[in-house]
Amino acid sequence: MLINKQEPFERKNNMKAIGTTNLNTQRLILRKIKKEDAESLFSFGILGENLEDATNIINNMVQCNDDPMTFHWALEYEGIAIGRIKGWEVDPHNNFVQLGYDIGVPYRGKGLMTEAVKAVSKYLLKECEFNRVYCMVRESNPASNRVCEKAGMKHEGFLRNHWIQGDGSYTNVHYWGLLSSDI
Ligand SMILES: CC(C)(COP(=O)(O)OP(=O)(O)OC[C@H]1O[C@@H](n2cnc3c(N)ncnc32)[C@H](O)[C@@H]1OP(=O)(O)O)[C@@H](O)C(=O)NCCC(=O)NCCS
């Protein structure tokens, strides 16, 4: 019989649960989400069906700000929050974390998300000591696939018909990864 049993062993390379820390890039301040971000993030279509909804979502996010296993940043540019980036699907056993991100339409195509992905990946791999940061991106999202490529991730796989869509059809997904040993 095959049993996938995890043998107990002394771990010497656990990721560090140090949560969201301020990071600066050339043009961005990456910082914890603030209550005041609701208006701009809603106005850019990043979250919420309406401002009240966005405010509720932001309030829930703010409550998690100091959780050491939360890795979630607002992208502040010229004094306002224009997007966000989050390390989620955190796996503290295998030391990997998935990245998700979103930036307002007026700010796209300026290289800003690539800047954020590079800074956050470096923080997660070098300061938090994850072994792997990865992104899963629909085939139909060339901008996001390009961000992964420009951020130095390796193209590790192509998952056929991986995610179901609103109309019931399935979409192919690119799998990108960056290892601590890559940087
Ligand atoms: C994906 C996203 C975060 C990119 O952010 P961004 O700040 O515009 O990214 P960058 O400017 O750093 O890079 C975008 C790259 O994609 C390219 N690109 C954009 N649209 C493209 C298209 N339709 N076809 C091909 N390339 C495209 C840009 O030209 C740029 O590449 P370049 O620098 O070689 O010219 C942004 O479009 C977004 O928030 N989209 C909606 C949410 C989303 O898709 N999130 C990711 C889910 S996996």
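Each value in this text was obtained by applying a stated rule to the coordinates, not by laboratory testing. These figures come from a predicted structure and were not determined experimentally. Neighbour counts run over all protein chains shown; Cβ positions are idealised from the backbone, glycine included.
Going by neighbour counts of Cβ atoms within 10 Å, the residues Lys126, Lys154, Lys86 line up, fewest first, as Lys126, Lys154, Lys86. For the pairs Lys126/Lys154; Lys34/Lys126; Lys16/Lys110; Lys16/Lys86; Lys35/Lys110, flag any whose C-alpha to C-alpha distance is greater than 22 Å. Check vs 22 Å cut-off fails for Lys34/Lys126; Lys16/Lys110; Lys35/Lys110.
Taking only the C-alpha atoms of region 7-134, Rg followed by Dmax gives 15.2, 51 Å.
Extension gain, Asp182 to Ser140, is 12.4 nm, computed as 0.36 nm per intervening residue step minus the present C-alpha separation.
Gain in length, Gln165 to His93, computed as 0.36 nm per residue apart minus the alpha-carbon separation, to one decimal in nm?
Numbers: separation 72, 0.36 × 72 = 25.92 nm, distance 3.06 nm.
That pair, Gln165 and His93, stretches by 22.9 nm at full extension.
For Trp73, Trp88, the sequence from fewest to most other C-beta atoms within 10 Å is Trp88, Trp73.
What longest range of the chain stays clear of loop-exposed GluC sites (Glu not before Pro) (DSSP non-H/G/I/E/B, at most 15 other C-beta within 10 angstrom)?
On the way: sites that count: Glu10, Glu36, Glu49, Glu78, Glu129, Glu139.
After excluding every exposed loop site, the longest remaining stretch is 79-128.
Each Lys or Arg adds one and each Asp or Glu subtracts one; over the other residues with Cβ under 14 Å from the Cβ of Asn56, this totals -4. Summing Lys and Arg as +1 and Asp and Glu as -1 over all other residues whose Cβ lies under 15 Å from the Cβ of Met153 gives a net charge of +2.
Considering only alpha-carbon pairs that sit under 8 angstrom and 6 or more positions apart, the relative contact order computed for the chain is 18 percent.
Relative to the Cα centre, the charge distribution of the chain, modelled as +1 at Lys and Arg Cβ and -1 at Asp and Glu Cβ, gives a dipole magnitude of about 640 debye.
For region 60-183, the convex hull spanned by the alpha carbon atoms encloses 136 Å³ per residue. For helix 112-122, what angle does its Cα long axis make with the longest principal axis of the chain, in degrees from 0 to 90 and rounded to 10? In the chain, helix 112-122 runs at an angle near 40 degrees to the longest axis.
For every other residue with a beta carbon closer than 12 angstrom to the beta carbon of Asn172, add +1 if it is Lys or Arg and -1 if Asp or Glu, then tell me the sum.
On the way: positive: Arg138, Arg160; negative: Glu139.
Around Asn172, the surrounding residues sum to +1.
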